[in-house]
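Worksheet for the structure shown next.
The values are calculated or read from the model by the stated rules, or taken from the named source; none is laboratory data. If you're wondering where the values come from, they're calculated on a predicted model, not measured in any experiment. When we count neighbours, we look across all protein chains shown, and the Cβ atoms used for this are built from the backbone with ideal geometry, even at glycine.
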Amino acid sequence: MEIKGMIAQVVENAVKAAFPGVETGIAYEALLEVPPDSKMGDFAFPCFRLSKALRMGPPMIAQKLCAAIDAPELCRAENVNGYLNFFLNRENFARDTLQKVMADPEKWGSSQEGAGKTVCMDYSSINIAKRFHIGHLSTTMIGNSLRRIYDFLGWKTVSINHLGDWGTQFGKMICAYKRWGNKEEVEKGGVDEMTRLYVRFHEEAKEHPELEDEGRAWFKKIEDGDEEALAIFNWFKEVTLKDAMKVYDLLGVRFDSYAGESFYHDKTGAVVQELRDKGLLTESDGAQVVNLDEYKMPPFLVVKSDGATLYATRDLAAVLYRKNTYHFDKCLYVVAYQQDLHFRQLFQVVEMMGYPWAKDQLEHVAFGMVSYEGQSLSTRAGHVIYLDELLKRAQEKALDVINQKNPNLENKEEVARQVGVGAVVYSDLQNSRIKDIDFWWDRALNFDGETGPYVQYTFARCCSVMRKAGDMDAAPDYSALQDDEAQAVLRLLARFPEDVRAACRTNEPFMVTRAVTELAKAYNKYYYEHRILEGEQSAQAARMQLTDAVRRVIKTGLYLIGMEAPERM
């Protein structure tokens with residue numbers, strides 16, 4: 001049991017002792033607070049919520065509970081104006097916390113609470129024949145972090161890159177390739193060459209509109225399974241993914257499935273028929289829709305008037321396929337908030353089809369917009385930042401900073417990669433996912449303040465302290481960790497498992513980002529206020545164990561948000 005739960009148990013035991021036979025129905029742990037000033041205690045319990053059940057004023061309740069508390073090994077309590085303020089036994093708290101963390105430091109914060117459960121995660125979802133730009137950063141990094149967090153808590157995760165690989169644009173691309181392209185140029189130029197061909201198609205189509213018919217004809221060949229059309233189409237996908245994998249490798253991102261829209265094309269017919277059989281389809285201007293008036297939403301378009309299906313139809317097929325294939329307990333869609341209506345409609349239709357699990361197991365993990373140094377992204381306006389270029393530039397800027405601060409550092413290029421990429425990732429995950437993000441170089445690569453390099457530098461500082469200490473045989477004297485600065489660090493170490501669980505429960509990776517940032521800040525304050533490698537050997541051993549625990553937990557936290565931890569910076 002973690003320290004907060006232990007304090008809650010003390011409160012519950014005191015209530016039972018002071019007021020025998022009374023059932024309060026209160027969740028004590030949920031009411032525990034952390035006072036803004038440590039002089040007011042390490043935890044505080046407001047007795048106001050007990051007044052109704054106990055028929056007594058909060059000050060009197062606090063007085064009676066305080067008298068009933070006897071847990072000197074854990075804490076002492078004071079009653080102040082209807083609050084119970086708890087002061088931990090600092091030496092015992094230091095010993096218990098560090099021994100728990102160091103018993104298996106790489107797994108501190110992990111659990112098996114998700115054992116036997118499966119979560120499908122739909123994220124990144126890049127478009128075939130288009131470059132990977134900064135607009136895909138949030139979905140990719142939020143999804144990657146959530147996969148790691150769920151894994152850490154015992155879930156079986158299935159990560160899915162639902163590729164945008166269907167539509168008439170692919171017929172147009174084949175048309176352009178057949179007329180003006182060649183294999184060598186596409187292999188060499190990759191997505192850039194495919195984009196050039198696509199742009200040329202539209203330029204030529206202005207003068208020769210018959211090209212539009214030719215493009216549609218090629219897409220019809222893809223739909224009909226034409227051997228040549230499919231071969232070119234699949235090759236375009238291979239070239240796109242080859243380019244994308246360079247970015248994914250840099251970011252440490254992987255997927256279990258790349259089944260995109262084209263994968264579900266032959267599965268939409270059964271879904272449409274099921275909707276029809278269940279009486280859910282109605283006609284609207286020649287199209288087939290599911291009426292959602294009852295739920296105060298527009299109709300859900302399933303089949304267009306020309307008989308073609310849409311990405312919404314393929315999304316329906318994907319939901320049912322994933323449920324039947326992976327038997328998920330959760331299915332997360334990490335997609336921008338602009339698609340909120342689409343997912344509310346989608347989930348409602350699945351529930352209307354007679355699948356009650358849709359209500360609890362399908363979730364849209366929405367996130368905000370990304371802009372770059374104060375300007376919103378726009379492909380048409382030419383203001384778009386490609387992710388491979390962004391990551392390259394981040395590494396170059398990180399190398400510049402390293403050359404200024406530590407020019408003799410070994411493996412500078414490798415550290416610059418870790419720091420540069422980490423700065424981009426951290427910038428994306430430092431706030432609640434629903435907040436819009438404005439990426440600025442100076443902020444992201446700052447070694448001071450709340451940035452990725454700052455947290456990584458704290459990890460490297462801990463590693464440096466450990467190297468200087470060398471082997472130490474003395475048993476730790478935990479009484480050396482009773483100062484306010486050490487206790488602040490210890491509270492954050494003890495709370496880390498709770499932060500990880502909260503991140504999973506709310507699908508908010510920033511909770512882990514915040515946890516490691518606060519830990520880095522607390523440790524740096526401790527580092528500046530106390531001489532770690534001075535004094536009695538036993539006191540040094542305790543301070544070294546605290547440093548080691550911070551080092552391990554920061555590394556774990558950075559991993560969970562998708563960052564690496566360089567040992568020297």
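Residues of the stretch 325-344 that are of a type outside the set (Lys, Arg) and within 18 Å of the chain's Cα centre (by Cα): Cys331, Leu332, Tyr333, Val334, Val335, Ala336, Tyr337. Applying the criterion of being exposed (fewer than 14 other Cβ atoms within 10 Å of the Cβ) and either in the same structural domain as Leu490 (by TED's automatic domain parsing) or within 17 Å of Glu12 (Cβ to Cβ) (or both) to the residues of the stretch 53-85, the residue that is modelled with the highest pLDDT is Ala67. Among residues of the stretch 416-448 being of a type outside the set (Phe, Trp, Tyr) and over 21 Å from Leu560 (Cβ atoms), the one that is modelled with the highest pLDDT is Ala416. The condition of being under 15 Å from Ala229 (Cβ atoms), out of contact with any Cys (no Cβ under 8 Å at 6 or more places or on another chain) and at pLDDT 90 or above does not hold for Arg148.
If Val11 meets every condition in (1) more than 16 Å from Phe86 (Cβ to Cβ); (2) in a helix (DSSP H, G or I); (3) touching a residue at least 12 places away in the same chain (Cβ under 8 Å) apart from one, which number is that one? The failed condition is (1).
Going by the structure shown, is Gln348 assigned to a helix (DSSP H, G or I), polar (S, T, N, Q) and surrounded by fewer than 18 Cβ atoms within 10 Å (Cβ to Cβ)? Against the criterion (assigned to a helix (DSSP H, G or I), polar (S, T, N, Q) and surrounded by fewer than 18 Cβ atoms within 10 Å (Cβ to Cβ)), Gln348 does not qualify. The single residue among Arg495, Arg433, Arg461, Arg467 that is part of a helix (DSSP H, G or I), basic (Lys, Arg) and under 30 Å from Val365 (Cα atoms) turns out to be Arg495. Does at least one position in the stretch 245-254 carry a residue that is of a type in the set (D, E, K, R), assigned by TED's automatic domain parsing to the domain that holds Glu187, surrounded by 13 or more Cβ atoms within 10 Å (Cβ to Cβ) and closer than 30 Å to Gly143 by Cα? Yes, the conditions are met somewhere in the stretch 245-254. Residues that are within 30 Å of Arg417 (Cβ to Cβ), of a type in the set (Asp, Glu) and either part of a strand (DSSP E or B) or touching a strand residue (DSSP E or B) at 6+ places or on another chain (Cβ under 7 Å) (or both) within the stretch 243-299 comprise just one, Asp256. Which one is surrounded by the fewest Cβ atoms within 10 Å (Cβ to Cβ), of the residues in the stretch 300-309 that are in a loop (DSSP other than H, G, I, E, B) and touching a strand residue (DSSP E or B) at 6+ places or on another chain (Cβ under 6 Å)? Top of the filtered list is Ser305.
Of the residues making up the stretch 261-278, those that are under 25 Å from the mean Cα position of the chain (by Cα) and either surrounded by fewer than 19 Cβ atoms within 10 Å (Cβ to Cβ) or within 18 Å of Asn144 (Cα to Cα) (or both) number 0.
Scanning the stretch 14-47 for residues that are more than 24 Å from Asp484 (Cβ to Cβ), exposed (fewer than 15 other Cβ atoms within 10 Å of the Cβ) and in contact (Cβ under 8 Å) with a residue 24 or more places away in the chain turns up Ala17, Val22, Glu23, Gly25.
The condition (being more than 30 Å from Ser427 (Cβ to Cβ) and surrounded by 14 or more Cβ atoms within 10 Å (Cβ to Cβ)) is satisfied by just one residue among Tyr478, Tyr454: Tyr478. Give the stretch 498-513 a look and list any residue that's crowded, with 20+ Cβ neighbours inside 10 Å, out of contact with any strand residue (DSSP E or B) (no Cβ under 6 Å at 6 or more places or on another chain) and either of a type in the set (D, E, K, R) or in contact (Cβ under 8 Å) with a residue 40 or more places away in the chain (or both), or say none. Matches in the stretch 498-513: Asp499, Val500, Ala503, Cys504, Glu508, Pro509, Phe510, Val512, Thr513.
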